[in-house]
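Reading through the C-alpha cells given below for one structure.
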Amino acid sequence: AKVALKLLTAPEYSWADVLRYHSCVTSTLHRLWPEVEQYNASVTVSELAVPLFLFHGRYDRCTSAELVEGYFGQVRAPQKHLVWFERSGHQPDLEEPQRFQRLVLRAFLAEEFQVAETDAALELEAPLRLVT
C-alpha cells in the first residue's frame, strides 16, 4: 500500500505511468508465479562463498518468519546475519527506511557488521551490538 501511495502522489509520475506500472506488475506476476511457486532456495542456494545478510520484516505475510529462519539455519556462508525489522512487513526498505539504509550501508562498508537492538542505539553515535 505504501508503494502505491508513493507512486500515486509522486509528481514525477502521471496517471498513465501508474496504469502502465500496474499493468506491467500484473503481467510479470502472472508469467513468473508458476516458477516462483516451484523455487526452493534451500536446494538451489545451499552454500555461499560470500557473506549472507537477510533483512526481514517481522510481519511479512509473503515470506514467513519460519521459512526465513529455517533457510538461515541451514544455508552455509562464511558469515551469516539475520536482521529483523520489528515494525515491518514485506518491505522494510520502505517501512523502516532509515534503519534499513543504515544497516545496508554498514553491511557493505564496515569490517564488522553489527545490529542495534534498541531504537536509542540507532543514533549514529551510539554503539551497536552484534546480533546473529
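The values are calculated or read from the model by the stated rules, or taken from the named source; none is laboratory data. No experiment lies behind these values; they were computed from the predicted model shown. Cβ atoms come from the backbone with ideal geometry, glycine included; neighbour counts cover every protein chain shown. What goes into the accessible areas is simple: the full protein's heavy atoms, side chains included, and nothing from ligands, DNA or RNA. Shrake-Rupley method; radii C 1.70, N 1.55, O 1.52, S 1.80 Å.
Quick rundown of the values:
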read-out: Residues being open to solvent by 100 Å² or more (accessible area, probe 1.4 Å) and in a helix (DSSP H, G or I) - total across region 3-28; value: 7
read-out: Failed item, numbered, when PHE72 is tested on (1) open to solvent by 100 Å² or more (accessible area, probe 1.4 Å); (2) in contact with a Leu (Cβ under 9 Å, 6 or more places away or on another chain); (3) closer than 26 Å to ARG106 by Cβ; value: (1)
read-out: Residue in region 29-41 that is at pLDDT below 90, assigned to a helix (DSSP H, G or I), in contact with a helix residue (DSSP H, G or I) (Cβ under 7 Å, 6 or more places away or on another chain) and closer than 21 Å to ASP60 by Cα present; value: yes
read-out: Residue list for region 82-96, filter: assigned to a helix (DSSP H, G or I) and open to solvent by less than 50 Å² (accessible area, probe 1.4 Å); value: PRO92, LEU94
read-out: Residues satisfying the stated conditions in region 2-28, i.e. modelled with pLDDT of 85 or more and of a type in the set (Gly, Ala, Ser); value: SER14, ALA16, SER23, SER27
read-out: Residue that is most open to solvent (accessible area, probe 1.4 Å) [pool: residues in region 41-56 that are within 28 Å of GLU96 (Cα to Cα) and of a type in the set (A, V, I, L, M)]; value: VAL50
